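Below: the structure, in C-alpha cells.
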Amino acid sequence: MDKFETITGVAAPMPLVNIDTDMIIPKVFLKSIQRTGFGVNLFDEMRYTRDGDEIADFVLNKPQYRETEILVAGDNFGCGSSREHAPWAIKDFGIKCVISTSFADIFFNNCFKNGILPIVLPQEQVDVLMKDAEKGQNARMTIDLEAQTVTTSDGEAISFEVDAFKKHCLLNGLDDIGLSLEKVAAIDTYEEKSAQARPWV
Amino acid sequence: MSPKTIYDKIWDAHVVQEDADGTSLLYIDRHLVHEVTSPQAFEGLRMAGRTVRAPDKTIAVPDHNVPTTHGRENPETMTEDSRVQVAALDTNAKEFGIHYYPVTDVRQGIVHIVGPEQGWTLPGMTVVCGDSHTATHGAFGALAHGIGTSEVEHVLATQTLIQKKSLNMKVEITGKLKPGVTAKDITLAVIGETGTGGGTGYVIEYCGEAIRDLSMEGRMTVCNMAIEGGARAGLIAPDDVTYAYVKGRPHAPKGAQWEAALTWWKTLFTDEGAHFDKVVTLKGEDIQPVVTWGTSPEDVLPITGVVPSPEDFKGGKVDAARRSIEYMGLTPGQKLTDIEIDTVFIGSCTNGRIEDLRAAAEILKGKKIKVGMRAMVVPGSGLVRAQAEEEGLSQIFEDAGFEWRLAGCSMCLAMNPDQLAEGERCASTSNRNFEGRQGYKGRTHLVSPGMAAAAALTGKLTDVREMM
C-alpha cells in the first residue's frame, strides 16, 4: 500500500446525508475481479445519464472539481453494502480523504485498507469545511495526517482524531496481513486452546 | 467479576492478542464466502504466495450473481462477467480446498441462509463474510458481521481480524406483537426509531418478550437488518428455540460434543447489571405493519400513514427527503395505501426462509394477483424451495400468478437479470430501498412477506390485516 503523504488539493462538497455504497458504485460495476478501474464509474448514476453523458450539475463534473482529492460529505457516508469496490472507486478517481460527521462502520474500515483517510468531525466543523469546499478549485485544503489537522484555504486549522494504529499503518503504507502473520505463534496457541475448550467449532 | 453482556462474553472468548490501545486480533470461527467480494482476496493470496489458514472453517457459495431461472447450470445462461465471477469462485474453492455448494447442489442458496441451514452457524461463534447482511447469523447468539474484501483476504490468510471492540447497545421489544405484525416490522420499526446511523459504533443485543416469542426464522430477519441501523452486528441470546433449530443439522455437534457445546451456550446471556452504552425500548403492541416510503431504510411509516413532507424533517434530512420523494415519484400527504405497484419480490436473506413463504402463501391461497402484476418468489436456498414444494406452497404461488424461482439473491440487489426497469415500483421483502438498488431508477418499498403478498393481490401497498 502507498504511504499516506500530506495532501493539498481540491475539496468537493457533497452535503447529501446517507450517501450509500450503491450510490458510490452501483452493482452493475461489481462484476470485475480486479481492484482497479472503478474510478470512471464512481457515483455513476448521479454522474451520468443512462446514455453515458455527463450530468453537468453533478459536483465532480464541474470544471473546478474535476481534480478533487478531498470529499466533504453529509452524515452517515458509505452506509449499506460491504463492497470494497466503493473505496476502490474513490481511490481510483483520485480522492484520498473523505470528511464527514459520521461514516458507516464497514466502509470506514475499508478506507484504511486502501490508503484513504476518513475523517470524522463535529457538524460545526464539517459546516466550515463544506463552505470552504463550495468555493471551488481556488480553495485548496491541506490534510496533514502526522499533525492530525485539516487546514482550510483561509488557513484555519482544524484538529481531528484518528486511531493510533490505523494512523501508523496509513503513514507507513503497512500491509495488515503481514503484520498479523507476525503474530502467528499467538494464533497457533489460541487454536490449540480453543480446540480443547470448544472442540465442536 | 463485573457483569458482562453476551457480546462481551463472545468477544473475550475470541481475543487472540490485545494491544495496549485495545486493538485486538480476534479469532474467526466461520468464514462465509461468495463470488462478488472474494475474487480479489483469493488473487491477493496467490500473489503473496499465501494459503487459506483454516479451509475447514471456510464455506463458499455463489448467490449474488446467479440466475434464478431453470437451466442455470449451463454457464451460457449467464452474462460473461457473471460467468467469470462464478467460475473464479469455483476455481478458488477447489484450489484452496474450502467447503463449496455450487448451483448444481440442492443445498446452494443465499450464503446467510445456507450457513444456518447446514449447521455451520452456532451460538457463541464469530462469523464473518464479505457481505453486510452477515449480521443475520447473530440470531443464534453468534457475533457476526460483514467485512470488506481486504478483510476477507486477511481472514483467509490468518483466520483472524484486527478489530477494536464496539460499544454495547440494547434494543428491547417488550410485550406481544399484534396480529399481522412480523419480525420484519420489528426490525424496520427499530431503524425508523434510531435512524440508519443510530447503531454506528455499536453491537446490538435484541431482547424482550416479543423477541423471545420469535422463531429462529424471525430472529434472523431482525438481526439481518442490524446493519441497516448502522450497527456492526446484532445478536440474540440463544435459548431452547435456538438449540431446537440447531440440533441435528449436518455440521452441528453430535453426542458428547453436543452436550459440551450446550453447557457453554447456556452461559451466553447478558448478566444482571451489565452495562449498555445505549438502550432503545419499543412496545411490541405499538408496532404496526410498516412500509418504507423513501430511499433509506429509516424512511419507515405504518401502512396507515401518509407520505411526509421534506419540511417534516430537520438538518440534512430535509434535502434527502425531498430527493427521496422525487425519486420515488410520490406526493406529500398521499396515503401510503394509494401507492400503486407493478412488481412484487418475495425472497432475500431477510425474508427468503420457509416461514416467510408460508406467511405469503397464507394470504395468497386460492386468490389471483392483479392482472399485469409481475410477481416472483425466490426461495433463499434449494432446501427451502424443496420444503415449500413439499408443503404445497409453490402450488399456491403459481396458482396465484407468481413465478417460482431457483435460489439466489436475485432482485434484492439485482446483479442478476432479475431487475426493475426505469420507473417500475416494487413491494419487496428485501432489505434496501436505496436509489437504483433493484434496477436503474427502480422504486422499492420494503415490506414483510404478508404485506408483499397483499400488495400483489390489490396492486397497491395494502394493510395485510385487511386480508387476514
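The values are calculated or read from the model by the stated rules, or taken from the named source; none is laboratory data. Remember, it's a predicted structure, so these values are computed and weren't measured experimentally. Because the Cβ atoms are built from the backbone with ideal geometry, glycine has one as well, and the counts that use them run over all protein chains shown. Calculation scope for accessible area: heavy atoms of the full protein, side chains included, ligands and nucleic acids excluded. Shrake-Rupley method; radii C 1.70, N 1.55, O 1.52, S 1.80 Å.
Some points to look at:
- Heavy atoms of chains B and A lose about 5400 Å² of accessible surface on contact, summed over both sides with a 1.4 Å probe.
- For residues of B:53-59, the mean tally of beta carbons on other chains within 10 Å: 1
- Members of the range B:114-153 that become less accessible by 10 Å² or more once partner protein chains are added (1.4 angstrom probe, chain alone as reference): B:L122, B:M125, B:S132, B:G146, B:I147, B:G148, B:T149, B:S150, B:E151, B:E153
- Relative contact order, percent, the range A:1-116 [alpha-carbon distance under 8 Å, six or more residues apart]: 35 percent
- Aspartates and glutamates whose Cα lies under 13 Å from that of B:K266, excluding same-chain neighbours fewer than 8 positions away: B:D239, B:D240
- Percent carbon-and-sulfur accessible area, chain B, ignoring ligands, DNA and RNA, probe 1.4 Å: 51 percent
- Our helix-only sum for the protein assembly as shown, with -39,500 (n - 2.57) per DSSP H run of n ≥ 4 divided by its residues, gives a mean residue ellipticity at 222 nm of -9000 deg cm²/dmol.
- Which listed pairs, of A:K31/A:K135; A:K96/B:K170; B:K4/B:K165, have C-alpha distances above 25 Å, in listed order: A:K31/A:K135; A:K96/B:K170
- Per residue value of the accessible surface for the protein assembly as shown (all protein chains in place, 1.4 Å probe), Å²: 35 Å²
- Count, lysine Cα pairs under 17 Å in the range B:290-466, 8 or more residues apart or across chains: 4
- The separation of the range A:154-180 from the range B:136-156, counted between C-alpha centres, amounts to 24 Å.
- Computed magnitude of the charge dipole of chain B (debye, nearest 20; Cβ of K, R +1, Cβ of D, E -1): 200 debye
- Chain B, relative contact order [Cα under 8 Å, separation at least 6], %: 17 percent
- Between the range B:383-458 and the range B:303-359, the Cα center-to-center distance that results, in Å: 15 Å
- Residues in the range A:71-87 that, when all protein chains are in place, have 30 Å² or more less accessible area than the chain alone would give (probe 1.4 Å): A:N76, A:G80, A:S82, A:E84, A:H85
- The range A:89-201 shape via C-alpha gyration tensor axes, a/c threshold 1.5: prolate
- Contact order for the range B:290-466, expressed relative to its length and based on alpha carbon pairs under 8 Å spaced 6+ residues apart, stands at 28 percent.
- Summing +1 for each Lys or Arg and -1 for each Asp or Glu among the other residues whose beta-carbon sits under 14 angstrom from that of A:A12 gives +2.
- Span from the the range A:37-104 Cα centroid across to the the range B:196-218 one, whole angstrom: 33 Å
- Lysines whose Cα lies under 17 Å from that of A:K131, excluding same-chain neighbours fewer than 8 positions away: A:K62
- Take the Cα radius of gyration of the range B:82-217 and divide it by 2.2 N^0.38 Å, N being the number of residues; the result is 1.22.
- Overall form of the range B:290-466 per C-alpha gyration tensor (a/c, 1.5; a/b vs b/c): prolate
- Overall Cα dimensions of the range A:1-95 - principal axes, largest extent first, Å: 34, 33, 25
- In the range A:7-172, a dipole from Cβ-located charges (positive for Lys and Arg, negative for Asp and Glu) runs towards its positive end, and of A:S102, A:A86, A:L121 it is A:A86 whose Cα lies farthest in that direction.
- Considering only the range A:7-172, percent of DSSP beta bridges that pair antiparallel, nearest 5: 45 percent
- Comparing mean-square fluctuations of A:D20, A:D175, A:D92 from a GNM of chain A with C-alpha springs under 10 Å, the top value falls on A:D175.
- With the alpha-carbon atoms of the protein assembly as shown aligned to their principal axes, the span from lowest to highest coordinate is 70, 62, 56 Å, starting with the largest.
- Within straight-line cross-link reach of B:K94, aspartates and glutamates at Cα separation under 19 Å, skipping those fewer than 8 residues along the same chain: B:E35, B:E43, B:D56, B:D63, B:E73, B:D105, B:E153
- Using all pairs of distinct alpha-carbon atoms, the Kirkwood hydrodynamic radius of the range A:7-172 works out to 15.9 angstrom.
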